[in-house]
Every structure is written in structure tokens, then in C-alpha cells.
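Heads up, the thing below is written out as C-alpha cells.
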Amino acid sequence: MNDELQKLMARVESQTGYPVSITGDAEMSTHSRMVAATPAQPVHAVFVTPKQERFGDYLVALQCAMLLAKWAEPGKVADFTIRSDKRDYVAEKISKKIEGRGLDAASSAQYAQMIVRSLLQQLNSLPLQMLSIEYLRESCPALSASQGGLSGRQELQDMSKVLAKEIKDFSPAEIYERNVAMNAAFALFWSRLAGDSVCALPYKVMGYAAKGERLLAAYDAIDKSSPARHRAVVDAWAAELKMQNWYEWKARSPS
């Protein structure tokens, strides 16, 4: 295990009061995920897909940085909580559109629920990932330099698949436009960070750069020293995307 990662994991345990465990998960659709500790489950569980094993240390470090951001506010942890009433309302609205595109009513309803949840998860997780990437470049420079660039470019490549015409044509506009705007913000963020203008080019060509730039500006406007930076960026993006009432923050004790 990388020395910088070991120190970062120790920092997580010191700040949050809980250790970090690492497990492989071949069933995941994402490169990594994390289940934050609670008094009932007193370990931060980080899962990494074996497909991304070459980036394993960096992906674990990224999840650790996210934990530090979530545990940054003194005396509380704020959990992003989907409002079921709003989720159901939006899902019901778009399921009727999906049903006319080759899916039966039951499949359309199930798919609509899934894509609404995914969009909300993106709203919560992408700003957190961006500020964690910045944190790792400062606190784990060797690890970030050796694995972060390759991992980031791989993720950008995966994100850009949504620009395919068949995906755009099938996806409800209410979901698609918001999803691509956040993807564009991440591409512009990475372009600035890595000095790589090519990664943002597809979004510029497709006309989504302006939406991404507004989200990136909202990200930049939040004070980097604020313990509540993650929440503030999510709320700013939600306002820009008109998703303010789709979720709520629920505070809990960190221990």
C-alpha cells in the first residue's frame, strides 16, 4: 500500500474516530464506493472494483478524502437524503414519456425511479469528488501524479458516452440535460486542473460547455476553507439545475 495512502487512512481514523476497511467488489457499476461508518457499523467500508485495480490506491485515497470532507463540520455529519415525495413525482412524470419509447408501464416506472436516483446521487457525489481530487493533489502529490491522471481520464471517457445520439434520443430531457451539465462541469474542472483542453471538447462541440461553466463557477465561488464546502456546492448546483427541493440534509452526530 502506498505510504501517502496509509497516512491518509490514519488521518481519517483520527478525524472521524473510525478506521477504514478496503474490499473488492466485482459487481459494482462504478469504480469505487464508500459506506460511511456509524455507531452501529463502526468502520468506513471502501469498495473498489477489480477492473480498476491498477488505480486501487488512488481510488481508496479519493474515498478517504471524501470522508474527511463529510466529517469536516464540527460536531455533526450532514447526510444527503433524497426526498421520496419529489423523487416519486419526477419519476412518475418522466415514466410516461419513457413508456412511449419501447418499454411497458412497469419497466418504465422502474427505469424512471432508477435514473432520478442516479441524477441525485450525481448531484451529491460529483462536487464531493471534485474537491477531493483537489485535496489529494495537495496532500498526496506522488499518488495523485502516478494514478490520478490516468483514473481521471478513464472516468471522463466513461462520462462522455452519454453524448451518444441513441442515449440522448432515449433519455428524458429533464434528466439528460442536468446529467450532461454536471458532466461538462467535471470535464471543464479536469481540463483546468490537468491542462488538458481535449477532455472538454466534446461538451463544447455539443453545446453544453456554457452550462458546465456556470456550475464550475458556482463551485469556485464557495470558500475553500469552509467546513461545509461540500454542502454549499451541492446547494449551489441544485439552485442552478432547479433541483433545490429534491433532497434535504439530515444532521447526525459524528460518533
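Note the full-extension length gain between Ser146 and Ala45 as 0.36 nm times their separation in residues minus their Cα-Cα distance, in nm to one decimal.
Details: separation 101, 0.36 × 101 = 36.36 nm, distance 2.41 nm.
Result for the pair: 33.9 nm of gain on full extension.
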Two pseudo-spin positions, 7 Å from Cα along C-beta at Gln121 and at Leu163, lie apart in nanometres by 2.4
SASA check, Ile222, accessible area w/ 1.4 Å probe, all protein chains in place, rounded to nearest 10 Å², comes out at 40
The distance between the Cα centres of the stretch 9-28 and the stretch 101-142, in whole Å, is 20
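Starting from the Kirkwood radius over alpha-carbon pairs of the stretch 87-190, derive D by Stokes-Einstein at 37 °C in a medium of 0.692 mPa s and give it in µm² s⁻¹. Before the final figure, lay out the partial values.
Values: Rh = 15.3 Å.
Result for D is 214 µm²/s.
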Taking placed amide H atoms and a strict 5 Å upper bound, the residues 5 or more places from Thr38 or on another chain that come that close are Val43
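What FRET efficiency do you get for Ala221 and Leu68 if R0 is 22 Å and r is their Cβ-Cβ distance, rounded to the nearest 0.05?
Details: r = 22 Å, r/R0 = 0.99.
It comes out at approximately 0.50.
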For the stretch 13-172, whose charge dipole is built from +1 on Lys and Arg Cβ atoms and -1 on Asp and Glu Cβ atoms, the candidate among Pro127, Cys64, Ile167 with its Cα farthest towards the positive end is Ile167
Phi angles of the stretch 102-114, converted by Karplus (6.51 cos²θ - 1.76 cosθ + 1.60, θ = phi - 60°) into ³J(HN,Hα) in whole Hz with x for Gly and Pro, give x, 10, 6, 4, 5, 5, 5, 5, 5, 5, 4, 4, 5
Taking 0.36 nm per residue of separation between Arg252 and Ser84 and subtracting their Cα-Cα distance, the length gained on full extension comes to 58.5 nm
DSSP beta bridges in the chain: the antiparallel percent, rounded to 5, is 70
The lysines whose Cα lies under 23 Å from the Cα of Lys242, excluding any fewer than 8 residues away in the same chain, are Lys86, Lys93, Lys96, Lys97, Lys168, Lys204, Lys211, Lys250
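Using the crude model of +1 on Lys and Arg Cβ and -1 on Asp and Glu Cβ, and no other charge, please compute the dipole size for the chain relative to its Cα centre, in debye to 20. Don't skip to the answer; put the middle values down first.
On the way: 31 positive and 29 negative charges, 87 e Å.
Computed charge dipole of the chain: roughly 420 debye.
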For His230, the accessible surface traced by a 1.4 Å probe with all protein chains present amounts, in square angstrom to the nearest 10, to 10
Between the modelled labels at Ser14 and Asn245 (7 Å from Cα along Cα→Cβ) the distance in nm is 4.5
Residue span Glu134 to Arg33: 0.36 nm per residue of separation minus Cα-Cα distance leaves a gain in nm of 34.5 nm
Taking a ≥ b ≥ c as the square roots of the eigenvalues of the Cα gyration tensor, with a/c under 1.5 meaning rounded and otherwise prolate when a/b exceeds b/c and oblate if not, the stretch 151-249 is oblate
Per-residue accessible area, 1.4 Å probe, largest first, puts Cys64, Cys199 in the order Cys199, Cys64
The farthest towards the positive end of the charge dipole of the chain, of the residues Ser118, Gln147, Val46, given +1 on Cβ of Lys and Arg and -1 on Cβ of Asp and Glu, is Ser118
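Kindly work out what percent of the DSSP beta bridges joining two residues of the stretch 1-128 are antiparallel, to the nearest 5.
Numbers: 5 of 10 bridges.
Taking every DSSP beta bridge within the stretch 1-128, about 50 percent pair in antiparallel fashion.
The values are calculated or read from the model by the stated rules, or taken from the named source; none is laboratory data. Bear in mind that the values here come from a model prediction, so they are computed numbers and not experimental data. Because the Cβ atoms are built from the backbone with ideal geometry, glycine has one as well, and the counts that use them run over all protein chains shown. Heads up: the accessible areas ignore ligands, DNA and RNA and are worked out on the full protein's heavy atoms, side chains in. Shrake-Rupley method; radii C 1.70, N 1.55, O 1.52, S 1.80 Å.
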